[in-house]
Amino acid sequence: ISGGEPFAQPEFLFSVLKMCHESGISSAVESALNIPWKNIERSLPFIDFFIFDLKIMDPDLHQKFCGTKNNQILKNISKLAKDAKTQLLPRVPMIPGITDTYSNIEAIAVFLKQNGINYLQLIPYMKLGNIKYEQIGKNYRLKSLDSVSPDHLKEIKNIFNKLGITCK
């Protein structure tokens, strides 16, 4: 379950996940995690796989590029790592010059290790958002960026590996 933010409708999500669980249907939820913990907590027993993104560790840069600070997101990730009995998949979108800096990579590795997570999935930046923004008449601030090259992605994976985080 993904889409906007699944936990923006916590009662509906809880009902769907509970019915799936009771029917033997496995569930995966993808969330930005920028929501109150109370919206997540009740549904946790019924989630088999939890997907979330870590983008920018510096709260001011997160505010600049994502429109919000990351305090709530990081708190929720820490709680998931501690309390959830579900498989977690942290992902990092690789946005040139924004998320692929050494300081951000190092901060992500430290944060994950502090929370007992030693793996992540790298997602290369793609320009798909540009088309969506054009369709709704908005300016896409990242339209001049290119995708991360396969060689650069390999370098980033090597950095994460050296910092003790396995990249999938």
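The values are calculated or read from the model by the stated rules, or taken from the named source; none is laboratory data. Remember, predicted model here, so these are calculated numbers, not experimental data. Quick reminder, even Gly has a Cβ in these numbers, built from the backbone with ideal geometry, and neighbours come from all protein chains shown. Remember, those area values only see protein heavy atoms, side chains included, never the ligands or the DNA or RNA. Shrake-Rupley method; radii C 1.70, N 1.55, O 1.52, S 1.80 Å.
Rolling a 1.4 angstrom probe over the protein heavy atoms, how many square angstrom per residue are accessible across the chain? Show your work: numbers first, answer last.
Details: 9610 Å² over 168 residues.
With the other protein chains kept in place, the chain gives 57 Å² per residue.
Mind listing the long-range amide H neighbours of I51? Cut-off is under 5 Å, sequence gap 5 or more, other chains count too, H placed in the peptide plane at 1.01 Å from N.
V29, E30, S31, L89
If you count only protein heavy atoms and use a 1.4 Å probe, how large is the accessible surface of S26, to the nearest 10 Å²?
For S26, solvent-accessible area is about 90 Å².
On a full-extension model of 0.36 nm per residue, what is the gain between D146 and S78, subtracting their alpha-carbon distance, rounded to one decimal in nm? Please list the in-between numbers first.
Numbers: separation 68, 0.36 × 68 = 24.48 nm, distance 3.21 nm.
My answer for the length gained is 21.3 nm.
Using just the helices of the chain, give the 222 nm mean residue ellipticity in deg cm²/dmol: DSSP H runs with n ≥ 4 each add -39,500 (n - 2.57), and the total is spread over all residues, rounded to 500. Kindly include the intermediate steps, with their values, before the conclusion.
Numbers: 7 runs with 73 residues, N = 168.
Dividing the helical sum by the residues of the chain leaves -13000 deg cm²/dmol.
Among K79/K162; K64/K138; K85/K157; K18/K82; K138/K168, which pairs are too far apart, with a Cα-Cα distance over 24 Å?
Beyond 24 Å: K79/K162; K85/K157; K138/K168.
Counting Lys and Arg as +1 and Asp and Glu as -1, what is the net charge of the other residues whose Cβ lies under 13 Å from the Cβ of K168? Write out the running numbers ahead of the final one.
Working: positive: R91, K157; negative: none.
Charge balance near K168 sits at +2.
Within the stretch 57-140, what whole-number % of the accessible surface is contributed by carbon and sulfur, with the 1.4 Å probe and all protein chains included in the calculation? Please list the in-between numbers first.
Working: 2470 of 4740 Å².
Ligands and nucleic acids excluded, carbon and sulfur give 52 percent.
Mind checking the dipole of the chain: about its Cα centre, +1 per Lys or Arg Cβ, -1 per Asp or Glu Cβ, Debye to the nearest 20?
Dipole of the chain, to the nearest 20 debye: 140 debye.
Could you grab the Rg to Rh ratio for the chain? Cα atoms only, Kirkwood for Rh. Write out the running numbers ahead of the final one.
Values: Rg = 16.7 Å, Rh = 17.1 Å.
The Rg/Rh ratio comes out at 0.98.
For the stretch 69-168, what does the alpha-carbon gyration tensor say about shape, rounded, prolate or oblate, given a ≥ b ≥ c as the root eigenvalues, a/c under 1.5 as rounded, and a/b over b/c as prolate? It would help to have the intermediate numbers written out before the result.
Numbers: a/c = 2.34, a/b = 1.45, b/c = 1.61.
Since a/c reaches 1.5 but b/c is at least a/b, the shape of the stretch 69-168 is classed as oblate.
Within the stretch 62-99, which residues have the backbone N less than 19 Å from the label spot 7 Å out from D48 along Cα→beta-carbon, could you tell me?
The answer is 84-90.
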